[in-house]
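Heads up, the thing below is written out as structure tokens.
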Amino acid sequence: MNRLCELLNIQYPIIQGGMGNVSNAPLTAAISEAGAMGTIGAGTMDLEDIERLMIETKERTSQPFAVNVPLSVASNVKEIFQLIIKHGIKVVSLSAGNPAPFIPKLKEHGITVMCVVASVYHAKKAEEAGCDILVAEGYEAAGLNSPYETTTMTLIPQVADAVSIPLVAAGGIADGRGLAAALALGASGVQMGTRFIATKEAPFHVTYKNKLIEANDTSTVIIGRTVGTIRRVYKTPYAEKVLELEKEGISSEKYLTLTSEEQHILGAMKGDLEKGFINSGQIAGAIQDIPTVSMLLESMMDEARNVLPIVNQYLK
Ligand SMILES: Cc1cc2nc3c(=O)[nH]c(=O)nc-3n(C[C@H](O)[C@H](O)[C@H](O)COP(=O)(O)O)c2cc1C
């Protein structure tokens, strides 16, 4: 039995990455119901909205699901943890900040803690701090990204060698080949963001889903390098405008206004690609359909199982 699945009490070693402000309860519940780990993203939402998501997800599934708290952007982090404890959420994913101060309290309540990291250094620190599961995210990933620019292919084996707790690979995985590759590199499972957007249950605007279908290998771009808040987004007119402004020299404040959650919601939920942006990982180019979550997960598992004997043939 896969020790990640055992720890999380799930059937498939696949986790939905947190998608703060833009995901919803039906998607999280569908992923958990289908045998993987759904995740609510707390993002920058207010407490009432986060609690509503927890309640609705629990109404829709009796399977476990996680809550992602992006520590440096979420407001009311301590109050979010109180809600997590109040609603008996079993798994928490901590990203975008130092998880160490928060881990003991969560563990006291029997909560399994996953920490999202992008370097061996931070992976070791999180393990030392008592984290149960590491999610190592490479530079291919959608959304807020690490300035280290380390890719999943290079990050996973190095983190796997450095830690002993279960490791999850994130960034650049969208099918069974990616899952099998992550396992070969030393991970016990994968976390996906971009692939889950192009599913029937996902609440995102049809324009966003269609953009992922249209995408090729060079359809995404990194914005924010000049100000040090790095984000991988789809190359839309809006993203190109932000890049132009960066070339001219843009303040960090102005950049953060242009990439605020309001602009994210305009792009992702309203499909306005002139006034808002959409996050996308580099793997978007490999996405060709919009299946149900359950069909996606079944086909990923089948493909991963089938690809491993093929790999073996090449090694004979
Ligand atoms: C729309 C969107 C929103 C995201 N928001 C968050 C977030 O709030 N917190 C977080 O830790 N990661 C966030 N991510 C990153 C995902 O959780 C996940 O780790 C990443 O998408 C994995 O890479 P992939 O897109 O190549 O699958 C977001 C990704 C997307 C696509």
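The table below gives the values:
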item: Area projected by the alpha carbon convex hull of segment 3-203, averaged over all directions, nm²; result: 9.6
item: Neighbour-count ranking [beta-carbon atoms within 10 angstrom, fewest first] of 125, 78; result: 78, 125
item: Cα-centre dipole for the chain with unit charges at Cβ (Lys and Arg positive, Asp and Glu negative), debye to 20; result: 320
item: Reachable lysines from residue 254, criterion Cα separation under 26 angstrom, eight or more residues apart if same chain; result: 235, 241, 270, 275
item: Order of 37, 45 - criterion: other Cβ atoms within 10 Å of each residue's Cβ, fewest first; result: 45, 37
item: Straight-distance crosslink candidates among lysines, where the alpha carbon sits under 16 Å from residue 107 and sequence neighbours closer than 8 are dropped; result: 78, 86, 90
item: Cysteines (scope the chain) whose Cβ has no counterpart Cys Cβ under 4.7 Å; result: 5
item: Most to least packed among 234-244, 304-314, 84-94 [average Cβ atoms within 10 Å]; result: 84-94, 234-244, 304-314
item: Relative packing of 22-33, 185-196, which averages over residues the other C-beta atoms within 10 Å, highest first; result: 185-196, 22-33
item: Kirkwood Rh (inverse of mean 1/r, distinct Cα pairs), segment 220-279, angstrom; result: 11.1
item: Segment 3-203, relative contact order in percent, only Cα pairs under 8 angstrom and at least six apart counted; result: 19
item: Mean Cα-pair separation over length for segment 220-279, i.e. relative contact order, pairs under 8 Å, 6 or more apart, %; result: 33
item: Taking 150, 39 and counting other C-beta atoms within 10 Å, the order from fewest to most; result: 150, 39
item: Charge-dipole axis of the chain as Lys and Arg at +1 and Asp and Glu at -1 on Cβ define it, positive-most pick from 273, 130, 193; result: 130
item: Rule-of-thumb Rg ratio for segment 78-145 [Cα; 2.2 N^0.38 Å; N residues]; result: 1.12
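Laboratory data are not the source of any read-out in this text; all were calculated from the coordinates shown. Remember, predicted model here, so these are calculated numbers, not experimental data. Using ideal geometry, Cβ is built from the backbone for each residue, glycine included, and neighbour counts are taken over all protein chains shown.
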